[in-house]
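Visitor: Can you read through this structure? Questions will come right after.
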Amino acid sequence: MPKKYHINTKATPLNFDYVYKFKIVRGENCINCGKCTKVCIYEAHKRRKDDPRKMADPNTVVCRNCFRCIQECPRGALEKSIDKDYANVGGAFWKPDMLISLWKQAEDGAVPVSGAGYRGPFTGPGFDSMWTDMSEIVRPTRDGIHGREYINTAVELGRKLNHLTFNTAGELVSKVPDTVILPIPIIYDIPITNLSPNVKEALLKATAAINTCIVVSAAAITPEVEKYSSNIIPHIMPEEVDKYAPVIKKARLVAIEYSDELLSSFPVLKEQIKKISQALIIIRVPAVKNVEDIVARLTHNGAEIIHIIADYRGREINSPAGTGGRLLKDIIRSVHARLVEDCIRDEITIIASGGIAMAENVPKAMLCGADLTAIDIPLMVALGVRIYEEPEKLLIWPEGLDKISAATITQRIVNLTGAWHSQILEMMGAMGIREARRLRGESGRAIFFEETDRDTFGKLFRNEKK
Ligand code: SF4
Ligand code: SF4
């Protein structure tokens, strides 16, 4: 049995101006008795390093809102109040709670625990209207992240054969296509061109530590980053193949931007790239209205991997602001159904991205029909970025990030990915699924609110209308 894949997480705080739900503040009447340091098991209260007689400012980012310190402070010196920024940050999709959860996961790499139970709604748009079948959770053999059984999160990228052909002597005559195996169904897809050198370096180091891949514009692949070649997916335009031939030569995967001409010219382009390297080709297709047709046509034409990219709210590209356009969940299901209908599902690997915001979105996207996912904004949030959706998308990078050591930033990205990996293991363990690749298209292991609602109340309301 191969060694278990493990991500080494380590508490790595960043002293930035985070947004909290409840900000914890120590008042002037504190007598520095230190009782709060003893009652808070999350170590939100510490003494000042430069003067241990005094208390440091509380570290709200690790606070789990249990209110114990507030109840036990002999002077009533601690106060928790709604942070005024909480209501403004994020938007209809990137809810403030999501950002806080991602910050915490980057901070400690742990599975998020609210400590007060879940009090939110049980359905919502997109992946929130989908529940996974966790019937195996009651089995004593369930291990999740605790490790008695082997749960494999690896996924394989590339074309697979529908069937094998043997000659009369029993020898295999089918040519088995090359594939690339990644230990986790997540790749990074964050534009690194405008990032400070320490953040760039950290992203590459974290990618190598996780042993996944990152999409990088070919123009940004300088000699200093070539040591990460096996983890870098060079991103090029179809007409740039010759220009970036040396980069393509060293890559395992190469990403090509989609254009309508590729629908007919892809076989020629594939031939051109295969003469340079054995790299598998990813075609980056925007999640537009007719994405199913595009994916099916490219697959019939020999495409190996297609990356479907929705917008940052997980909606169809160019959909109107607000709630217009299909959501990633529905787009993936529709693409998967079309490929199954055309009997070509196994011939293509589907990467889904856009609105993959929380760990549970990864297995849910796979249950809808994706083979793996790509993430961008969660990586930025791990570095302290704030996102605002209204009146338009705005990302605010924390001041001073360019002064933070690459090692610290690397660990925060590793932490976030480690927390997600643990949650994927938990979900798979609870579902009784031991191989991540078996999640793909297993929509029978999920319950979709819209369908249940229609099946339960559809007839009733149809009758009412008559
Ligand atoms: S328990 Fe209250 S008084 Fe004592 S150190 Fe903490 S905040 Fe100050
Ligand atoms: S509310 Fe609870 S978790 Fe938060 S600082 Fe106080 S004791 Fe710690």
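Visitor: What's the angle, to the nearest 10 degrees (0 to 90), between helix 406-431's Cα axis and the longest principal axis of the chain?
Guide: It works out to around 70 degrees.
Visitor: Still on this structure, please answer the following. At q = 0.10, 0.11 Å⁻¹, what is the log10 ratio I(q)/I(0) for segment 184-318, with the Debye formula run over Cα points and no solvent?
Guide: -0.33, -0.40
Visitor: Sorted from largest down, give the three principal axis spans of the alpha carbons of the chain, whole angstrom values.
Guide: Result for the chain: principal-axis Cα extents of 86, 69, 50 Å.
Visitor: Relative to the present Cα-Cα distance, how much length would full extension add between Glu43 and Thr222 at 0.36 nm per residue of separation?
Guide: 60.2 nm
Visitor: Another question, then. What is the spread of the Cα atoms of segment 318-466 along each of their three principal axes, largest first, in whole Å?
Guide: Here the Cα extents, ordered largest to smallest, are 65, 41, 30 Å.
Visitor: Right, here's the next one. Out of all DSSP beta bridges with both ends in the chain, state the antiparallel percent to the nearest 5.
Guide: Beta bridges within the chain, antiparallel portion: roughly 35 percent.
Visitor: To the nearest 20 Debye, how big is the dipole of segment 198-250 about its Cα centre, given +1 on the beta carbon of each Lys and Arg and -1 on that of each Asp and Glu?
Guide: On the way: 6 positive and 6 negative charges, 40 e Å.
With Lys and Arg at +1 and Asp and Glu at -1, about 200 debye.
Visitor: A follow-up question, please. For the chain, what is the accessible area per residue in Å², given a 1.4 Å probe and the full set of protein chains?
Guide: Per residue, the chain has an accessible area of 49 Å².
Visitor: Which ³J(HN,Hα) values in Hz, rounded to whole numbers, follow from the phi angles of segment 307-314 under the Karplus curve 6.51 cos²θ - 1.76 cosθ + 1.60, where θ = phi - 60° and Gly and Pro get x?
Guide: Running phi through 6.51 cos²θ - 1.76 cosθ + 1.60 with θ = phi - 60° gives 9, 8, 10, 8, 7, 5, 9, x Hz.
Visitor: Mind checking the angle between helix 96-108 and the chain's longest principal axis? C-alpha axes, 0 to 90 degrees, to the nearest 10.
Guide: Helix 96-108 sits at roughly 90 degrees to that axis.
Visitor: Moving to a separate point now. So how do 162-171, 439-448 stack up, highest first, on mean other-Cβ count within 10 Å? Please list the in-between numbers first.
Guide: Values: 162-171: 7.9, 439-448: 18.3.
Going by the mean number of other Cβ atoms within 10 Å, highest first, we get 439-448, 162-171.
Visitor: Whose amide H sits under 5 Å from the amide H of Ile305, counting only residues 5 or more places off or on another chain, with H placed in the peptide plane?
Guide: Amide H to amide H, under 5 Å and 5 or more residues apart or across chains, Ile305 pairs with Ile281, Ile283, Thr349.
Visitor: Identify, among Asn59, Ile82, Cys36, the residue whose Cα sits farthest towards the positive end of the charge dipole of segment 13-100, taking +1 on the Cβ of Lys and Arg and -1 on the Cβ of Asp and Glu, with the dipole about the Cα centre.
Guide: Going by the charge dipole, the pick is Cys36.
Visitor: Give the aspartates and glutamates reachable from Lys275 as a straight Cα distance under 13 Å; neighbours fewer than 8 places away on the same chain don't count.
Guide: Hits, sequence-local ones excluded: Asp242.
Visitor: Please name which of Tyr20, Ala245, Ile375 has its Cα lying farthest along the dipole of the chain towards the positive end, using unit charges on Cβ (Lys, Arg +1; Asp, Glu -1) and the Cα centre as origin.
Guide: Farthest towards the positive end: Tyr20.
Visitor: Using mean Cβ contacts within 10 Å as the protection proxy, how do 267-277, 55-65 order, highest first? Kindly include the intermediate steps, with their values, before the conclusion.
Guide: Working: 267-277: 14.4, 55-65: 17.7.
With the highest mean Cβ count within 10 Å placed first, the list reads 55-65, 267-277.
Visitor: Where the accessible area of the chain is counted over protein heavy atoms with a 1.4 Å probe, how much of it, in %, is carbon and sulfur?
Guide: Here it works out to 54 percent.
Visitor: Oh, and also: Using the alpha-carbon atoms, what tilt in degrees (0 to 90, nearest 10) does helix 291-300 show relative to the longest principal axis of the chain?
Guide: So the helix axis and the longest Cα principal axis differ by about 50 degrees.
Visitor: Treating only the Cβ of Lys, Arg, Asp and Glu as charged (+1, +1, -1, -1), what charge dipole size does the chain show about its Cα centre? Round to the nearest 20 debye.
Guide: Roughly 1520 debye, rounded to the nearest 20.
Visitor: How large is the translational diffusion coefficient of segment 253-375 in µm² per second when you combine the Kirkwood radius over alpha carbon pairs with Stokes-Einstein at 20 °C and 1.002 mPa s?
Guide: The estimated diffusion coefficient comes to 147 µm²/s.
Visitor: Please list, by residue number, everything in segment 198-241 whose backbone N is under 18 Å from a paramagnetic label point 7 Å out along Cα→Cβ of Lys393.
Guide: It comes to 215-217, nothing else.
Visitor: Please give the charge dipole size of segment 282-411, origin at the Cα centre, charges +1 on K and R Cβ atoms and -1 on D and E Cβ atoms. Round to the nearest 20 debye.
Guide: With Lys and Arg at +1 and Asp and Glu at -1, about 160 debye.
The values are calculated or read from the model by the stated rules, or taken from the named source; none is laboratory data. Because the structure is predicted, anything quoted here is derived from the model rather than measured. Every residue, glycine among them, receives a Cβ derived from its backbone with ideal geometry; neighbour counts consider all protein chains shown. The accessibility values were calculated without ligands, DNA or RNA, using every heavy atom of the protein model including side chains. Shrake-Rupley method; radii C 1.70, N 1.55, O 1.52, S 1.80 Å.
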